[in-house]
Amino acid sequence: MEAEGWVKDVFDWVQQNPNWTGLIIFGFSFLESLLLVGIIFPGAAFLVSLGALIGLGVLDFYSAWFWASFGGFAGDGISYWIGYHYREKLLTKWPINRFPNLIHNGQRFFKKYGIISIIIGRFVGPVRPIIPAIVGIMAMPVKRYVAISFLASVLWAPFYLLPGILFGSAIESMAKVAVKLAGLALVLVALVWLTFWLIQFIYQLLVPRAYRWLSRMLAWSQKHPKLGHITSGLIDPRQPETGSLAMMAFILAIFTVLVIVFMAGNQWLIGWNQASEGFFYTFHNPWTVPPMRWLLYLGHDLVIWLMTGFITAWLIYRRLYLALGHWLILSLSAYVFSVIICRMDHGRWHLIASHHAFWYVAVIAFWAILVAGAYPIKWRSWPYILTAVLSALYLFATLFFFKLSLPVALLSGIMAAIWAMVVGIAFRTRYRRQFLGLPLKLIFMVTTLTAPLAAWLFFPGSSHIIKPQWLAQQDYNTTTGWANTGKQQLDIHISGDLQVLQNGLVQQGWQTLPVKTWGNVIAALAASKKGDLPLLSYVHKGELEHVLMTKKHGEQLWALRIWPDSSTQPNQWSATVTRHKRDTDLWFFHHWGYVGTVADKSALQQDFNHAGFRFTPTINGWQLDITDAPQM
């Protein structure tokens, strides 16, 4: 199967298996509504994604509404039954007794809003999975609960589906401009949503327990002085931290190296990585590469050095030498980690690169540790969310450009976050005061927004795409249209000099057009309906046409699109001829719209013959042999 075929397969499966799709929707909504499970289960994000499929026309709205409402109603019903059955005893049972704040908030919410809390709570994430159980504990009559819960579930489902529907409709409109760009946007939005939810969950899990865990670790290190020596310097401000940091760095390095060695020989991980390469190659075309380049340059070495240097200068200016020492230890050690990881993954040294993922993730994670304390308590998770989202987008870009394998990228991100946390603990146990964070925030934001452009300008080769060998060897003779037009067969095989071909066809009324991507999109937005219209480019193996020529045939425009052939012989090319008519999308996007491929090649054959070229049918299509001297 071709690398980009999986998206269509997923959509086809959803459309061909509505019953299974309904059960999956039911399952997600059920778990989202179940007591406590809904706290950690991202069912709301799943419903928004379902809404996007509805907006794209892949899924039926009323079917999704029914199954989502049914699942939510059933999940709430089970939660209500548990509360009704156990009453006050439930509050003392595990795992309910591990969440006293959540139970307290749920009880206060119910006392404040009464019976209406069942409806309101359906739309409030923190109390949604707990309100039905609280209602059961309070012994609300079953008939009254069922009626109100049913109404809440029916209203709740479209509330979460609607944002996805609107987004999916926008994506469908975007697909008229660049279908792969639309798909990439959908994936990136899902990635950001998932990262946001995950960091919120981890933050809420760790922060209330961090002090207790550190106290236990300190007590353990005092009882076990030999092993505790490794951690005592991190959590005990009376002990020097350099030895503990060095020991932790050594342990982390050994663990990382062993994991990379294991992954290099694991066939399952190799297959998993190849599947991910196919996934990312799905989105390759000239519309998607420029925005992804900016994400890749977020973590270029130049950007990180500038960020490190500016923050170092500010810490020196403010004489915050303790923060400065930990900042430099973190940044320099993370750079060394990154160089070693890339050496093991690529087999060669990369001292300046755009894929030192460990370094980037560790640096911005430690930046979040520096500035988070200056925020009010309810906003302190936001620096971590921001840096996690940027890290996820950057790691996605390294995979998009095949700079790192999937296992190594994930390992780099996880180990970098752990290392930043270790250094952060050592810093925070010694420096409890909060310093002014505004300059650090400005440095971070300005560097993030501007430095990638400088890195792109000075190091353009850092984003060069080197396809994995198995992808480079793929051979398929189809091209993907700029809009949702299916695939066009490359049924013309050309041998010879393309410049000679262009000279000969110009004499037959053909015109050579410049190959553009975003330039043609802008031209389509600026064009008048009856004026000169742009012809948008097509893509083959992630590349635009090498040559694009057009000729008017009545009211239609014929386009000859040529790409290099996969043959190792020189001057071998593959081509297709497509037909277009004047078209308008969204009332203002005027262009030559796709009609179909040219099946009858007689007019085309006449032009080639008059130009002095031989154009003959073959088993696999047509063969065009270019002579060096076309007829005049």
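Among the residues of region 377-436, write down those that are aromatic (Phe, Trp, Tyr), open to solvent by less than 10 Å² (accessible area, probe 1.4 Å) and within 29 Å of residue 288 (Cα to Cα).
At the first step, the residues of region 377-436 found to be aromatic (Phe, Trp, Tyr) are 379, 382, 384, 394, 396, 400-402, 419, 427, 431, 435.
Of the ones still in play, those that are also open to solvent by less than 10 Å² (accessible area, probe 1.4 Å) are 394, 400-401, 419, 427.
Hits for region 377-436 are 394, 400, 401.
Only one entry in 364, 329 is open to solvent by 30 Å² or more (accessible area, probe 1.4 Å), touching a Leu at 6+ places or on another chain (Cβ under 7 Å) and farther than 27 Å from residue 265 by Cβ, namely 329. Residue count for region 543-574, restricted to those that are open to solvent by 20 Å² or more (accessible area, probe 1.4 Å), within 30 Å of residue 466 (Cβ to Cβ) and in a loop (DSSP other than H, G, I, E, B): 8.
Identify all residues within region 313-326 that are open to solvent by 40 Å² or more (accessible area, probe 1.4 Å) and in contact (Cβ under 8 Å) with a residue 40 or more places away in the chain; write none if there are none. Those that are open to solvent by 40 Å² or more (accessible area, probe 1.4 Å) and in contact (Cβ under 8 Å) with a residue 40 or more places away in the chain: 318, 322. Selection over region 45-93 of residues that are modelled with pLDDT of 80 or more, aliphatic (A, V, I, L, M) and more than 30 Å from the chain's Cα centre (by Cα) gives a count of 3. Scoring residue 96 on the criteria (1) open to solvent by 20 Å² or more (accessible area, probe 1.4 Å); (2) at pLDDT below 70 leaves a single failure, condition (1).
Got at least one residue in region 278-291 being of a type outside the set (Lys, Arg), within 26 Å of the chain's Cα centre (by Cα) and surrounded by fewer than 16 Cβ atoms within 10 Å (Cβ to Cβ)? Looking for residues that are of a type outside the set (Lys, Arg), within 26 Å of the chain's Cα centre (by Cα) and surrounded by fewer than 16 Cβ atoms within 10 Å (Cβ to Cβ), one finds at least one in region 278-291, hence yes.
Residue 577 meets the conditions (1) touching a strand residue (DSSP E or B) at 6+ places or on another chain (Cβ under 6 Å); (2) open to solvent by 70 Å² or more (accessible area, probe 1.4 Å) in every case but one. The failed one is (2).
Scanning region 141-200 for residues that are among the aromatic types (Phe, Trp, Tyr), modelled with pLDDT of 65 or more and open to solvent by 30 Å² or more (accessible area, probe 1.4 Å) gives 150, 159, 160, 193, 196, 197.
Somewhere in region 207-214, is a residue part of a helix (DSSP H, G or I), hydroxyl-bearing (Ser, Thr, Tyr), modelled with pLDDT under 80 and open to solvent by 60 Å² or more (accessible area, probe 1.4 Å)? Yes: region 207-214 contains one or more residues that are part of a helix (DSSP H, G or I), hydroxyl-bearing (Ser, Thr, Tyr), modelled with pLDDT under 80 and open to solvent by 60 Å² or more (accessible area, probe 1.4 Å).
Among the criteria (1) at pLDDT 65 or above; (2) farther than 20 Å from residue 35 by Cβ, the one residue 119 does not fulfil is (2). Scan region 596-626 for residues that are over 16 Å from residue 574 (Cα atoms), open to solvent by 20 Å² or more (accessible area, probe 1.4 Å) and among the charged types (D, E, K, R) and the total you get is 1. Residues in region 73-82 that are closer than 8 Å to residue 34 by Cα and open to solvent by less than 60 Å² (accessible area, probe 1.4 Å): 75, 76, 79.
Among the residues of region 389-402, at least one is at pLDDT below 95, outside any helix (DSSP H, G or I), within 27 Å of the chain's Cα centre (by Cα) and not hydroxyl-bearing (Ser, Thr, Tyr). The residues in region 526-542 that are open to solvent by 20 Å² or more (accessible area, probe 1.4 Å) and touching a Ser or Thr at 6+ places or on another chain (Cβ under 7 Å) can be counted, and the count is 1. Against the numbered list (1) open to solvent by 30 Å² or more (accessible area, probe 1.4 Å); (2) within 24 Å of residue 617 (Cβ to Cβ), residue 496 comes up short only at (1). Evaluate region 484-492: report whether one residue or more is surrounded by 15 or more Cβ atoms within 10 Å (Cβ to Cβ) and at pLDDT 90 or above. Taking every residue of region 484-492 in turn, at least one turns out to be surrounded by 15 or more Cβ atoms within 10 Å (Cβ to Cβ) and at pLDDT 90 or above. Within the set 296, 324, 328, the sole residue that is touching a Ser or Thr at 6+ places or on another chain (Cβ under 9 Å), part of a helix (DSSP H, G or I), at pLDDT 85 or above and within 24 Å of residue 463 (Cα to Cα) turns out to be 296.
Filter region 368-387 for residues that are assigned to a loop (DSSP other than H, G, I, E, B) and more than 15 Å from residue 424 (Cβ to Cβ) and give the result. Listed by number, the residues that qualify are 375, 376. Every listed requirement among (1) over 20 Å from residue 499 (Cβ atoms); (2) free of Cβ contacts under 8 Å to residues at least 40 places away in the same chain; (3) open to solvent by less than 60 Å² (accessible area, probe 1.4 Å) is met by residue 522 save one, (3).
Quick grid of which residues meet (1) closer than 21 Å to residue 509 by Cα; (2) not aromatic (Phe, Trp, Tyr):
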| site | (1), (2) |
| --- | --- |
| 540 | no, yes |
| 552 | yes, yes |
| 559 | yes, yes |
| 563 | no, no |
| 571 | no, yes |
| 574 | no, yes |
| 600 | yes, yes |
| 606 | yes, yes |
| 611 | yes, yes |
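The values are calculated or read from the model by the stated rules, or taken from the named source; none is laboratory data. Treat the numbers as computed from the prediction; the structure is a model and nothing was measured. Note: ideal-geometry Cβ built from the backbone for every residue, glycine included; neighbour counts use all protein chains shown. Just so you know, the surface numbers come from the protein's heavy atoms only, side chains and all, with ligands and any DNA or RNA stripped out. Shrake-Rupley method; radii C 1.70, N 1.55, O 1.52, S 1.80 Å.
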